[in-house]
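Q: Next up is a structure, given as structure tokens.
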Amino acid sequence: MRWWDLGPVLALEAELFPEDAWSEGMFWSELAHARGPRATRHYTVAEDVAEDGAARLVGYAGLAAAGGLGDVQTIAVARDQWGTGLGARLLADLLQAATAFECEEVLLEVRVDNTRAQKLYTRFGFEPIGFRRGYYQPGNVDALVMRHTVQGTETDSDGC
């Protein structure tokens, strides 16, 4: 994701998350940490290219990483792209970035009423570990916290 993607990202954000959409400032803050040798964020976008060559942003995703821990910040897919596997491709990209950041675990929060996303995360090996009551505001919706252990980072039986 680059600065020129922010207009379409904000439009999709407002469409998909009308009650708790991220602000432009929140995205700018995240992007400020996504470049250079000390980057701690990874953001990506997905575009659909029409027959006439026009591109339309149809998804985006972001990961924060620090101290061996990754956190999925956001994943969004345009409604007309649901069921195409785009969400899975975006999540796979984030997990690949987590590996590059040398994360041992990746956490995320997902609305308790978003069973569609929960099924995706479960397919990728995320397991529920708790709840954050009233996490999503202003709707006061709880979040399910899920954790994924990044492949190749688990210690073996002799502690190595």
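The values are calculated or read from the model by the stated rules, or taken from the named source; none is laboratory data. Remember, it's a predicted structure, so these values are computed and weren't measured experimentally. All Cβ positions, glycine included, derive from the backbone under ideal geometry; neighbour counts span all protein chains shown. Accessible surface is based on the protein model in full, side chains and every heavy atom, while ligands, DNA and RNA are left aside. Shrake-Rupley method; radii C 1.70, N 1.55, O 1.52, S 1.80 Å.
Q: ILE75 - would you say it is under 16 Å from LEU16 (Cα atoms) and either assigned to a strand (DSSP E or B) or over 13 Å from the mean Cα position of the chain (by Cα) (or both)?
A: For ILE75, the condition - under 16 Å from LEU16 (Cα atoms) and either assigned to a strand (DSSP E or B) or over 13 Å from the mean Cα position of the chain (by Cα) (or both) - is met.
Q: Any residue at all in region 114-127 that's outside any helix (DSSP H, G or I), at pLDDT below 95 and either surrounded by fewer than 16 Cβ atoms within 10 Å (Cβ to Cβ) or of a type in the set (Lys, Arg) (or both)?
A: Looking through region 114-127, at least one residue is outside any helix (DSSP H, G or I), at pLDDT below 95 and either surrounded by fewer than 16 Cβ atoms within 10 Å (Cβ to Cβ) or of a type in the set (Lys, Arg) (or both).
Q: Going by what's in this entry, would ALA88 be described as touching a residue at least 40 places away in the same chain (Cβ under 8 Å), out of contact with any Pro (no Cβ under 6 Å at 6 or more places or on another chain) and open to solvent by less than 30 Å² (accessible area, probe 1.4 Å)?
A: no
Q: What number of residues in region 75-85 are open to solvent by 10 Å² or more (accessible area, probe 1.4 Å) and aliphatic (A, V, I, L, M)?
A: 2
Q: Ok, one more. If you check LEU108 against the conditions, is it within 24 Å of LEU10 (Cβ to Cβ), modelled with pLDDT of 95 or more, open to solvent by less than 10 Å² (accessible area, probe 1.4 Å) and part of a helix (DSSP H, G or I)?
A: no
Q: Only residues that are open to solvent by 30 Å² or more (accessible area, probe 1.4 Å) and within 24 Å of LEU144 (Cα to Cα): list them for region 47-74, please.
A: ALA66, GLY67, LEU69, ASP71, GLN73
Q: If only one of THR44, THR84, THR99 is in a loop (DSSP other than H, G, I, E, B) and hydroxyl-bearing (Ser, Thr, Tyr), which one is it?
A: So the residue among THR44, THR84, THR99 that is in a loop (DSSP other than H, G, I, E, B) and hydroxyl-bearing (Ser, Thr, Tyr) is THR84.
Q: What pairs come up if the first residue lies in region 126-147 and is on the phi < 0 side of the Ramachandran plot, the second is hydroxyl-bearing (Ser, Thr, Tyr) and crowded, with 17+ Cβ neighbours inside 10 Å, and their beta carbons are under 8 Å apart, counting only those six or more places apart or on different chains?
A: That search, which allows pairs on different chains as well, returns VAL141/TYR135; ASP142/TYR135; ASP142/TYR136; ALA143/TYR135; ALA143/TYR136; MET146/TYR121.
Q: Out of region 8-46, which residues are farther than 27 Å from ALA66 by Cβ and either at pLDDT 95 or above or surrounded by 14 or more Cβ atoms within 10 Å (Cβ to Cβ) (or both)?
A: PRO8, ALA11, ALA14, GLU15
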